[in-house]
Amino acid sequence: MINGSERIIGHNGCEFISDTSAHTGLKRFGFIVQEDTVVSTLTGTKDDETTTINLLSSIGLSGKTLKQGAFLPCPMEYTITAITLTSGSVILY
């Protein structure tokens with residue numbers, strides 16, 4: 001089981017995304033916005049890996065422009081499994 005500190009420090013490495021392709025099969029815990037960014041898809045899976053959630057709508061980010069430098073962690077019991085950008089770039093941890 002991964003603890004909160006491990007999630008924040010990026011113990012699993014990082015991944016830079018700057019395109020509008022769908023990125024699936026991820027196992028990430030949050031991301032930092034590198035430039036003003038719009039996210040069109042953000043999906044998470046609960047630790048039991050059977051419960052899927054639309055993180056974009058559950059944390060109120062649908063249709064929002066995320067500002068450069070914002071850190072967006074997913075809820076503790078979830079893992080980010082898919083992301084699609086409309087514009088901008090992020091580093092996932």
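Quick notes
- Longest DSSP-loop-exposure-free segment, trypsin sites (Lys or Arg not before Pro), the chain, at most 15 other Cβ within 10 Å: 1-63
- Gain on full extension, evaluated as 0.36 nm per residue between residue 19 and residue 50 minus their Cα-Cα distance, stands at 8.3 nm.
- Within straight-line cross-link reach of residue 67, aspartates and glutamates at Cα separation under 19 Å, skipping those fewer than 8 residues along the same chain: 15, 19, 35, 36
- For the chain, diffusion coefficient by Stokes-Einstein and Kirkwood Rh (Cα), 10 °C, 1.306 mPa s, µm²/s: 122
- Accessible surface calculations at 1.4 Å, restricted to protein heavy atoms, place the chain at 54 Å² per residue.
- Accessible area in the full protein assembly, largest first, 1.4 Å probe, for 83, 59: 59, 83
- Listed residues 30, 44, 13, most fluctuating in the chain (Gaussian network, C-alpha, under 10 Å): 13
- If the segment from residue 27 to residue 86 were pulled out straight at 0.36 nm per residue, it would be longer than the present Cα-Cα gap by 19.2 nm.
The values are calculated or read from the model by the stated rules, or taken from the named source; none is laboratory data. Note that this is a predicted model, so its numbers are computed, not measured. Cβ sites come from the backbone with ideal geometry, for glycine too, and all protein chains shown count toward neighbours. These accessible areas exclude ligands, DNA and RNA; they are computed on the full protein's heavy atoms, side chains included. Shrake-Rupley method; radii C 1.70, N 1.55, O 1.52, S 1.80 Å.
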